[in-house]
Structure formats: structure tokens, C-alpha cells
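All remarks here apply to the structure that follows.
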Amino acid sequence: QLHLVDSGGESVQPGGSLRLSCAASGSTLNSQNIGWFRQSHPRERAGVACITNSGNTAAVDAVKDRFAISRDNAKNTVYLQLNNLQPEDTGVYYCAAVISSDTCTLLWYDYVYWGQGTQVTVSS
């Protein structure tokens, strides 16, 4: 059973940077696509970025120039680098996993395994 643990969230000022980590245990991430999602409202979990097992990535337009997703299969970990953070980036960030395919999606219902979430707060 794949178990994911999110970490790295903090409170930062606008313009700041963070690196979120998604560490896996119980199974390998090598065969998984990984997505990062942000929940800013109770009923909305929005896709931010995703990466396939071969390293293909996708991201929403709002973050393409500021956020970067990467993976280190040797460490069984996926990262989300957040740069030039803005107040609208505030929320709980979750990583999620699903069996790999050629492309990854930013649709939460496509994913099977979820981390517990890590809080990012951007405020002056």
C-alpha cells in the first residue's frame, strides 16, 4: 500500500519561496504519476502541477512561470518548488498518486493515493 507524506508548508511573505516534498513509503513512486493540488475552499481541490514517471510535466497557467515540479525516484520523493509566492497561492497543498500513463492530469478524481496535506500561507 502506497503511503504519501506531504511536508514543507510554512507561512511566508509575498515574493517568498518554498519547496514542498511528497515522500512515499510502502511502495515505489517509480510507476506513479504524481499531482499536486491546492485546497483553498472547502469544496474545491484544484490541480496545480503534475509529473509522469518519465518526467513529463504539466501545470496550470497561473503557476507555470513560478512553480516547478520534479521527482527524485532514488529518494522516492516528488518536489514542488514554489517561487514568487502570492496571497492567492494560500491553501493546503496535497500530493496524490496514480498508476503512470504517458500524460498526467490535473483532475483530483483521477488520483488514488493522497498525502495528508501541508499548509502554505502567504501574507504580509
Only one of (1) modelled with pLDDT under 95; (2) of a type in the set (Val, Ile, Thr); (3) closer than 21 Å to residue 123 by Cα is not met by residue 12, so which one is it? (1)
Can you find a residue that is open to solvent by less than 20 Å² (accessible area, probe 1.4 Å), in contact with a helix residue (DSSP H, G or I) (Cβ under 8 Å, 6 or more places away or on another chain) and closer than 14 Å to residue 108 by Cα anywhere in the range 11-34? no
Going by the conditions given, is residue 51 more than 20 Å from residue 119 (Cβ to Cβ), among the hydrophobic types (A, V, I, L, M, F, W, C) and either modelled with pLDDT of 95 or more or open to solvent by 60 Å² or more (accessible area, probe 1.4 Å) (or both)? yes
With the requirement that a residue be of a type outside the set (Gly, Ala, Ser) and surrounded by 22 or more Cβ atoms within 10 Å (Cβ to Cβ), what does the range 93-110 give you? 93, 94, 95, 104
Just the residues that are open to solvent by 30 Å² or more (accessible area, probe 1.4 Å) and closer than 14 Å to residue 21 by Cα, please, taken from the range 80-92. 81, 92
May I ask you to list pairs of residues, at least six apart or on different chains, whose Cβ atoms are under 6 Å apart, with the first in the range 102-121 being closer than 20 Å to residue 21 by Cβ and the second being loosely packed, with under 13 Cβ neighbours inside 10 Å? 121/11
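The values are calculated or read from the model by the stated rules, or taken from the named source; none is laboratory data. Remember, it's a predicted structure, so these values are computed and weren't measured experimentally. Neighbour counts run over all protein chains shown; Cβ positions are idealised from the backbone, glycine included. Side chains are part of the model used for accessible areas, which takes the heavy atoms of the whole protein and leaves out ligands, DNA and RNA. Shrake-Rupley method; radii C 1.70, N 1.55, O 1.52, S 1.80 Å.
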